[in-house]
Amino acid sequence: MATAVEAPASNTAEGPTSHTQNQTARFSPYQLRMLHGGINGNRVRNLRGMSHLEAWDVRRQLIRIFGFGGFDIETIGLDLVSERETKQGERSRWTVVYRAQVRLILKNSTGTAIAYFDDGAAGDSVNQPSLGDAHDMAMKTAFSQALKRCAVNLGDQFGLSLYNDGSQDPVVVFSAAHPPQEWKPQAQPPEPEPEDPPVRPEPSAQEAQNDSHTVTVPEQAPAAMSPAQTQELVLTKFLTRVREGWNSLDATVDVLAAAHANALLNEQVPFGEPKVPTRVEDMLNTRIAQLRGSATEQSSAGEQQPSSVDPIDQLMLQVQRHWNDFTELTKDVAEAGRRNQLLREVEGPVGGWVPFGDMVTARIAELKEQARQAEQNAPERSAA
């Protein structure tokens, strides 16, 4: 949980001070005016129904309000929670989880630390081809989430209102420690504040690679595109990638992961002869089965294997995609039961061989416990 600590009183150039907050000149009237204001809607992004701020934008707003050198960000702790390798043919995929503890320290105009906030978060990087990139992305995600949780204690400018069901209307409005007469006479800023364009997500290291799982919209895309037009552009780029990797098993498996990362699994596309609308996930799973069957037919006579894909392989691929979603994992368990695959042994996330049903059921229980603890700590429905 976040902790705010005020610096002790001291003798300053302004004379003796006490612990009474109103007697300490901590923030300027203009800083207080900005902190009391509602958040610019262009700074808010929505992902899968959850409103949030980008970490880079939080840093930008810290600089705008508190100035260059007006705050410090300290790393209190960084722990590797999990590193898991998954084999896909001859290639390895890596899933890494880190936990970070961060401290945000605020300073007044003299450079004196006046308050700090501590908070922590976990960050993961799922199904990455590079172990180094997996570690890098997981660490950055953990740090970014922890910083945002620290900054939200500064109110609406840092996403506090988003916990109110995603609202962008101010929720602080008034602070007894900073009565309106301190800052309302300074309602007009000394210079016009910038009019920010809509915030875009920070490109991750993985997105810069050719085999990235995330399809990004090109920079030249019109800023006024509607969500439907943007999704159509993403789908068009994705289908180009599908065609390029159509005859490669590894490429098609990667494309399936990309479809999951971009929420394209349920998109309808023409497939087969004659062309009929088909879910992207069904189309790619069918193609993976075809490519595996073709590879089997070309194998030597002494290495003959069944010409159809092993059901447990398909289930394991689904589990990898759904590893952080206990609702989808529950569906995977039900599907495994219909296929009589619950007792099939698979390689567990920490090594060793375990029944498929036991592995997924244990993960579901773990995710439910995490959700229960998160609800106790932050019961609001929208995340900043």
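The values are calculated or read from the model by the stated rules, or taken from the named source; none is laboratory data. None of these values were measured; they are calculated from a predicted model. All Cβ positions, glycine included, derive from the backbone under ideal geometry; neighbour counts span all protein chains shown. With ligands, DNA and RNA removed, areas are computed over all heavy atoms of the protein, side chains included. Shrake-Rupley method; radii C 1.70, N 1.55, O 1.52, S 1.80 Å.
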Open item on the list: Any residue at all in the range 69-77 that's open to solvent by 20 Å² or more (accessible area, probe 1.4 Å), modelled with pLDDT under 90 and not basic (Lys, Arg)?
Closed with: yes
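Does the range 76-83 include one or more residues that are outside any strand (DSSP E or B), acidic (Asp, Glu), in contact with a Ser or Thr (Cβ under 9 Å, 6 or more places away or on another chain) and in contact (Cβ under 8 Å) with a residue 12 or more places away in the chain?
Taking the range 76-83 first, the residues outside any strand (DSSP E or B) are none.
No, the range 76-83 contains no residue that is outside any strand (DSSP E or B), acidic (Asp, Glu), in contact with a Ser or Thr (Cβ under 9 Å, 6 or more places away or on another chain) and in contact (Cβ under 8 Å) with a residue 12 or more places away in the chain.
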Of (1) in a strand (DSSP E or B); (2) loosely packed, with under 14 Cβ neighbours inside 10 Å, LEU106 satisfies every one except (2)
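Quick one: is GLY293 assigned to a helix (DSSP H, G or I) and at pLDDT below 75? Even if it seems obvious, please write down each step before you answer.
Details: assigned to a helix (DSSP H, G or I): yes; at pLDDT below 75: yes.
In short, yes.
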LEU265 passes all but one of the listed conditions (1) in a helix (DSSP H, G or I); (2) at pLDDT 75 or above; (3) within 28 Å of ALA138 (Cβ to Cβ); the exception is number (1)
Listed by first then second residue, the pairs whose first member lies in the range 264-283 and is closer than 21 Å to GLN318 by Cα and open to solvent by 20 Å² or more (accessible area, probe 1.4 Å), whose partner is in a loop (DSSP other than H, G, I, E, B) and not β-branched (Val, Ile, Thr), with beta carbons under 8 Å and at least 6 positions apart or on separate chains, are THR278/GLY272; ARG279/LEU265; ARG279/ASN266; ARG279/GLU267; GLU281/LEU265; GLU281/ASN266
message: Considering only the range 351-367, I want to know if a residue exists there that is at pLDDT below 80, out of contact with any strand residue (DSSP E or B) (no Cβ under 6 Å at 6 or more places or on another chain) and open to solvent by 80 Å² or more (accessible area, probe 1.4 Å).
response: no
For MET139, the lone unmet condition from (1) of a type outside the set (S, T, N, Q); (2) modelled with pLDDT under 85; (3) open to solvent by 30 Å² or more (accessible area, probe 1.4 Å) is (2)
The residue that is farthest from GLU85 (Cα to Cα), considering only those in the range 118-148 that are part of a strand (DSSP E or B) and aliphatic (A, V, I, L, M), is ALA121
